[in-house]
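Q: I have a structure here, written as structure tokens, and I will follow up with some questions on it.
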Amino acid sequence: MIRPTLLAAALTLAAPPVLAQSGPVSAAEVATAAEGVRAEVVAWRRDLHQHPELGLAETRTAAFVAERLRAMGIEVREGVGRTGVVGVLRGTGSGPQRVVALRADMDALPVLEATGLPFASTATGTYQGATVPVAHACGHDAHVAMLLGAAEVLSGMKDRFSGTVVFLFQPAEEGVPPGEPLGGARLMIEAGALADPKVEAIFGLHVVPGVPGTIFYRPQGFMAASDRVDIVLHGRQTHGAWPWRGVDVIAVTANVIQTINTLTARTIDPTTTPTVFTIATIDAGVRYNIIPEEATMAGTLRTFNIAQRDALVARAEAAVDHIAEAYGATADFSVRQNAALVFNDEALSAWLAPVLTEAAGEGKVNPASPPTTVAEDFSYFQGEVPGVFYHLGATPDGVDPATAAPNHSPQFDVNEAVLPVGVRAHVLSALRFLERP
């Protein structure tokens, strides 16, 4: 262990120390090295925050990542899954030759930032054919910076471990442009990101509102599967004063929304399986006194149980068809999965808890957190290899996490004091996994 006086001195270093010791790397050594890259990680995060890019357009971000990985002596593959970057670091120590992956997502959102930060984004991008403001309103800038910090720390101690660490910098976690068949995680998998070298386990994190520096997750279902639901109703246009002379898709729309809300509330046990089915957009009509011929709705379905999800989708489709038929209309009902269930491997989740405690400190890790209905395409990596995804509390100081601006809000911001915690969590997850017999 490093004595407190030496540790305090190490906190003033501007770069990670060269580790000449032998044997397993201690948590104190990792803490010292993470502190040594703190300034770089903060600077990287701010640069990335100021230059956000939408999914599959992360060209600057990918180049930024690749340049820094190469400077660390890490093997780099670019263009993996269109704009993804893979870094491969091979330990030179003796021991088991395991392979572990760490993942960060790189894309931003079509959001007009309202944080007031001196490094706030003024960037724009193209989204669904329109020019839109772009901002890192979900914290992916922090994710990239923390994983780069972990890569720098691990590259400085590669003689202290055996095996291989694969760094995955993923595009398009927030989704791809219309017409693209696959999201970022699946694009990287299809491009062989987990195959060369063959990954045995994968870990990832996400900043969210929460007590700064705390870590929380759960075994099995942690983050919901996410489906996009589209409904198109076809009626017959008529004068608003003569609804009986047409087929009123506005009335059908109202009934469809009420029925979907009721189906979810009255046919799913909320104490066992959290389920959210939301119709979020309605597009119909051009004038106040014309009942239109067509109405479209789109929404999201969040579930934790595949069988219950399939049954609810079947009931909803049947109900929509019946409602439309009752009015003389017709309906097109379609469902497309955006992300699978984030399913944390049970044994790996239990193994990880003390490792994350090394990183965050005693009392700072909750391995039995409630599930959350937000989604993540990290789930597709978990469909290929065992993995654990966890959340890192990152609410700004002095702000109640319960009322803090959530992810995807124009006001969302990351407490930069938690960045070294994320670096430590990444590093220790990799090291402790590689040390396993």
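The values are calculated or read from the model by the stated rules, or taken from the named source; none is laboratory data. The structure presented is a predicted model; accordingly, all values stated were derived computationally and were not measured. Cβ placement follows ideal geometry from the backbone for every residue including glycine, while neighbour counts extend to all protein chains displayed. Heavy atoms of the whole protein, side chains included, go into the accessibility calculation; ligands, DNA and RNA do not. Shrake-Rupley method; radii C 1.70, N 1.55, O 1.52, S 1.80 Å.
Q: Tell me the residue from T131, T122, T115 that is in a loop (DSSP other than H, G, I, E, B), over 30 Å from A195 (Cβ atoms) and open to solvent by 60 Å² or more (accessible area, probe 1.4 Å), please.
A: Of the residues listed, the single one that is in a loop (DSSP other than H, G, I, E, B), over 30 Å from A195 (Cβ atoms) and open to solvent by 60 Å² or more (accessible area, probe 1.4 Å) is T122.
Q: Looking at (1) crowded, with 24+ Cβ neighbours inside 10 Å; (2) out of contact with any His (no Cβ under 6 Å at 6 or more places or on another chain); (3) farther than 17 Å from A66 by Cβ; (4) small (G, A, S), which is the one condition that is false for A108?
A: In the conditions (1) crowded, with 24+ Cβ neighbours inside 10 Å; (2) out of contact with any His (no Cβ under 6 Å at 6 or more places or on another chain); (3) farther than 17 Å from A66 by Cβ; (4) small (G, A, S), A108 misses (2) alone.
Q: In the range 394-431, what residues are in contact (Cβ under 8 Å) with a residue 12 or more places away in the chain, more than 13 Å from A137 (Cα to Cα) and among the charged types (D, E, K, R)?
A: D397, E416, R424
Q: Scan the range 410-434 residue by residue and report those that are surrounded by fewer than 16 Cβ atoms within 10 Å (Cβ to Cβ) and within 20 Å of the chain's Cα centre (by Cα).
A: P410, Q411
Q: Also, quick follow-up: Return only the number of the condition from (1) part of a loop (DSSP other than H, G, I, E, B); (2) open to solvent by less than 20 Å² (accessible area, probe 1.4 Å); (3) aliphatic (A, V, I, L, M) that A402 does not satisfy.
A: Among (1) part of a loop (DSSP other than H, G, I, E, B); (2) open to solvent by less than 20 Å² (accessible area, probe 1.4 Å); (3) aliphatic (A, V, I, L, M), A402 violates only (2).
Q: List every residue pair whose Cβ atoms sit under 7 Å apart, with the two residues 6 or more apart in sequence or on different chains, where the first one lies in the range 22-46 and is buried (at least 21 other Cβ atoms within 10 Å of the Cβ) and the second, anywhere, is polar (S, T, N, Q) and modelled with pLDDT of 95 or more.
A: So the pair list comes out empty.
Q: Mind listing whichever residues of the range 326-337 are under 23 Å from A295 (Cβ atoms) and assigned to a strand (DSSP E or B)?
A: T330, A331, D332, F333, S334, V335, R336
Q: Oh, and also: State all residues of the range 301-360 that are without any contact (Cβ under 8 Å) to a residue 60 or more places away in the chain, of a type in the set (A, V, I, L, M) and surrounded by 16 or more Cβ atoms within 10 Å (Cβ to Cβ); if no residue qualifies, say none.
A: L312, A353
Q: Out of the range 211-251, which residues are open to solvent by less than 40 Å² (accessible area, probe 1.4 Å) and among the aromatic types (F, W, Y)?
A: The answer is Y217, F222.
Q: In the range 141-182, which residue that is out of contact with any strand residue (DSSP E or B) (no Cβ under 7 Å at 6 or more places or on another chain) and at pLDDT below 95 is surrounded by the fewest Cβ atoms within 10 Å (Cβ to Cβ)?
A: Among those that are out of contact with any strand residue (DSSP E or B) (no Cβ under 7 Å at 6 or more places or on another chain) and at pLDDT below 95, it is G179.
Q: Shifting gears a bit: For P437, are the conditions met, namely being open to solvent by 30 Å² or more (accessible area, probe 1.4 Å), farther than 25 Å from P171 by Cα and touching a Ser or Thr at 6+ places or on another chain (Cβ under 9 Å)?
A: Criteria not met by P437.
Q: I'm trying to understand the selection: among the residues of the range 68-95, which are part of a loop (DSSP other than H, G, I, E, B) and out of contact with any helix residue (DSSP H, G or I) (no Cβ under 7 Å at 6 or more places or on another chain)?
A: Passing the criteria: S94, G95.
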